[in-house]
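S.K.: For reference, the structure I am asking about is given below.
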Amino acid sequence: MQQPSYPDQAARQRAIDTLRRLPPLVFAGECDELRGKIAQVATGRAFILQGGDCAETFDGVRADAIKAKLRVLLAMSVVLTYAAQVPVVKIGRIAGQYAKPRSKDDEVRDGVTLPAYRGDAVNGFEFTEQARRPDPERLVRMYNASAATLNLVRAFVKGGFADLRQLHAWNASFVRDTHVEKRYEQLAGEIERALGFMEACGVDGETMRTVDFYASHEALLLDYEYAMTRIDSRSHEPYDTSAHMVWIGERTRQPHGAQVELLRSVHNPLGIKLGPSTTGKVALEIADRLDPTRIPGRITFITRMGAQAVREKLPPLIEEVEASGRKVAWVCDPMHGNTFETSKGFKTREYAAVVEELNGFFDVHEQLGTWPGGVHVELTGDDVTECLGGAFRLSEEDLESRYETTCDPRLNRNQSLELAFMIAERLNH
Ligand code: PEP
Ligand code: MN
């Protein structure tokens with residue numbers, strides 16, 4: 001499902017052949033390392049922070065945008081690490097998030113019908129016949145954009161940009177200079193003291209300066225993901241070398257669908273999005289198809305129930321999965337169940353609804369005695385105005401000023417940091 005129909009099949013084959021000859025973007029050993037970390041999440045000893053754009057764009061492959069996004073994610077992870085007192089596994093929706101599933105094949109504007117935008121990997125966002133035609137050459141551009149992004153991310157996280165003290169200084173000024181709730185000052189102050197203590201003890205090496213950061217995206221386009229699947233020379237097993245982790249979306253997670261069929265053969269850690277209609281039976285069927293031998297860290301269930309449904313729908317799902325004895329990482333995506341359109345046609349989300357779903361997620365896990373393993377959010381490092389509310393109380397009128405997403409609305413820099421402090425409070429007690 002959700003595959004583009006290319007008018008030119010010869011061009012499609014050329015793109016696939018090109019991709020097959022290009023080097024892998026990640027190494028199998030890195031995927032194994034991430035799987036090991038997710039295994040720790042599944043047993044309550046680590047927490048996942050996964051985030052980034054709903055849809056990356058080729059235009060967005062710029063140093064400042066990548067840097068801002070990375071900085072927000074790393075700054076959030078400092079707060080979460082302190083609060084959870086366990087390692088935070090940092091995974092970007094980055095360096096490959098270029099393909100989008102759509103609920104409608106066509107888009108109608110002023111009486112004109114054109115194919116829907118399916119992400120820069122498939123067609124252009126511009127509402128013209130030319131731009132909206134699926135072009136397989138874009139698969140190769142997706143590879144190049146991913147490679148350039150991942151290269152910069154790798155340089156940043158190992159080259160000193162991820163310095164803990166710097167990141168905290170940034171969080172502290174955020175708490176001081178914005179109008180976030182007063183109670184966050186205490187948490188920021190505590191982190192300050194903990195860092196001072198570590199420094200005084202002489203903890204001042206690599207661990208303060210570098211982090212491990214992983215790339216992930218939705219494995220939607222079979223041509224691309226299959227072309228990037230390679231046999232690891234050490235283990236002789238296949239890996240999808242387009243990213244460390246890939247996930248299957250809510251629209252393509254059919255147990256006998258093509259995405260599941262492809263990914264059951266690769267050894268990467270996998271995410272599966274689960275919406276409010278998911279039964280425990282189906283979730284287990286998907287997990288059994290993808291991971292019959294129950295490899296630790298292989299499966300992450302990313303639940304996206306919506307603020308209204310989470311307290312009702314999540315408990316039976318968790319109970320049924322847990323009863324099977326299978327250990328998965330439970331991650332909350334508080335974004336995709338809370339999207340609506342304003343009267344002016346902006347797709348948006350309320351910051352309060354995002355918080356409400358997260359509170360439901362934490363409450364349910366607390367009641368069941370299971371570990372709330374992480375969060376999956378759509379965010380950007382820029383000061384966009386796409387989601388409503390937050391400390392700056394963005395209103396519907398504000399959406400018009402900087403609405404830049406080509407797909408779903410993202411939390412802006414301040415809303416993201418505010419959310420990190422909110423999650424920290426839940427992890428703290
Ligand atoms: C997404 O993550 O952008 C997405 C489309 O999510 P879902 O598959 O959960 O709807
Ligand atoms: Mn999205």
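The values are calculated or read from the model by the stated rules, or taken from the named source; none is laboratory data. Not measured: the values here are computed from a predicted model. Neighbour counts run over all protein chains shown; Cβ positions are idealised from the backbone, glycine included.
S.K.: For region 250-260, state whether one or more residues are in a loop (DSSP other than H, G, I, E, B), modelled with pLDDT of 95 or more and loosely packed, with under 12 Cβ neighbours inside 10 Å.
M.R.: Taking every residue of region 250-260 in turn, at least one turns out to be in a loop (DSSP other than H, G, I, E, B), modelled with pLDDT of 95 or more and loosely packed, with under 12 Cβ neighbours inside 10 Å.
S.K.: A further question on this structure: Mind checking whether some residue in region 352-370 is within 16 Å of ligand 2 (Cβ to nearest atom), farther than 25 Å from GLY44 by Cα and crowded, with 17+ Cβ neighbours inside 10 Å?
M.R.: yes
S.K.: When you go through THR339, THR385, THR406 one by one, which is the residue that is under 23 Å from LEU70 (Cα atoms), within 14 Å of ligand 2 (Cβ to nearest atom) and either at pLDDT 95 or above or not hydrophobic (A, V, I, L, M, F, W, C) (or both)?
M.R.: None of the others qualify; the one that does is THR406.
S.K.: Would you check if VAL310 is under 23 Å from the mean Cα position of the chain (by Cα), farther than 20 Å from GLU386 by Cα and touching a residue at least 40 places away in the same chain (Cβ under 8 Å)?
M.R.: Judged against the criteria, VAL310 is a match.
S.K.: Quick check on this structure: which one of ASP53, ASP120, ASP110 is within 17 Å of VAL140 (Cα to Cα) and charged (D, E, K, R)?
M.R.: ASP120
S.K.: While we're on this one: Only one of these is within 18 Å of the chain's Cα centre (by Cα) and closer than 23 Å to TYR226 by Cα: LEU19, LEU34. Name it.
M.R.: The match here is LEU34.
S.K.: Which residue is nearest to PRO276 (Cα to Cα), if the candidates are limited to region 332-355 and must be in contact with a helix residue (DSSP H, G or I) (Cβ under 8 Å, 6 or more places away or on another chain), not polar (S, T, N, Q) and not in a loop (DSSP other than H, G, I, E, B)? So that I can check it myself, show each step before the final result.
M.R.: Restricting attention to region 332-355, the residues satisfying the condition of being in contact with a helix residue (DSSP H, G or I) (Cβ under 8 Å, 6 or more places away or on another chain) are 332, 334-335, 337-338, 342, 344, 346, 348, 351, 354-355.
Checking the rest, the ones that are also not polar (S, T, N, Q) come to 332, 334-335, 337, 344, 346, 351, 354-355.
This time we only want the ones that are not in a loop (DSSP other than H, G, I, E, B), so: 332, 351, 354-355.
Values: CYS332: 12, TYR351: 20, VAL354: 15, VAL355: 17 Å.
Only one residue tops the list, namely CYS332.
S.K.: Checking ILE295 against (1) surrounded by 17 or more Cβ atoms within 10 Å (Cβ to Cβ); (2) among the hydrophobic types (A, V, I, L, M, F, W, C); (3) more than 16 Å from ligand 2 (Cβ to nearest atom): exactly one of these is not met. Which one?
M.R.: Here ILE295 meets the rest and fails (1).
S.K.: Okay, moving on. Can you name every residue in region 2-29 that is in a loop (DSSP other than H, G, I, E, B) and in contact with a helix residue (DSSP H, G or I) (Cβ under 7 Å, 6 or more places away or on another chain)?
M.R.: Result: GLN3, TYR6, LEU22, LEU25.
S.K.: Scan the helices (runs of 4 or more DSSP H) fully inside region 137-246 and keep the ones with 3 or more residues being more than 30 Å from ILE272 (Cβ to Cβ).
M.R.: The qualifying helices (runs of 4 or more DSSP H) are 137-158, 164-177, 183-200, 206-209.
S.K.: How many residues does region 80-111 hold that are of a type in the set (A, V, I, L, M), part of a loop (DSSP other than H, G, I, E, B) and within 14 Å of ligand 1 (Cβ to nearest atom)?
M.R.: Residues that pass the stated criteria total 2.
S.K.: I'd like to know if region 167-179 contains one or more residues that are surrounded by 13 or more Cβ atoms within 10 Å (Cβ to Cβ) and charged (D, E, K, R).
M.R.: no
S.K.: To continue, here is another question. Take the residues in region 40-71 that are charged (D, E, K, R) and surrounded by fewer than 18 Cβ atoms within 10 Å (Cβ to Cβ), then tell me which one is farthest from ligand 1 (Cβ to nearest atom).
M.R.: In this case the residue turns out to be ARG45.
S.K.: Kindly check whether there is at least one residue in region 53-65 that is closer than 21 Å to GLY124 by Cα, of a type outside the set (Asp, Glu) and assigned to a helix (DSSP H, G or I).
M.R.: Among the residues of region 53-65, at least one is closer than 21 Å to GLY124 by Cα, of a type outside the set (Asp, Glu) and assigned to a helix (DSSP H, G or I), which makes the answer yes.
S.K.: So, one more: Please pick out the residue among THR279, THR339, THR348, THR303 that is within 14 Å of ligand 1 (Cβ to nearest atom) and either in contact (Cβ under 8 Å) with a residue 60 or more places away in the chain or surrounded by fewer than 22 Cβ atoms within 10 Å (Cβ to Cβ) (or both).
M.R.: Matching residue, one of THR279, THR339, THR348, THR303: THR339.
S.K.: Tell me, which residue of region 59-72 that is under 18 Å from the mean Cα position of the chain (by Cα) and among the hydrophobic types (A, V, I, L, M, F, W, C) is farthest from VAL140 (Cα to Cα)?
M.R.: So, considering only residues that are under 18 Å from the mean Cα position of the chain (by Cα) and among the hydrophobic types (A, V, I, L, M, F, W, C), the one farthest from VAL140 (Cα to Cα) is VAL72.
S.K.: Is at least one residue of region 232-252 within 16 Å of ligand 2 (Cβ to nearest atom) and among the aromatic types (Phe, Trp, Tyr)?
M.R.: Yes, that holds for at least one residue.
S.K.: Quick check on VAL122: is it part of a helix (DSSP H, G or I) and more than 13 Å from the chain's Cα centre (by Cα)?
M.R.: Answer is no for this residue.
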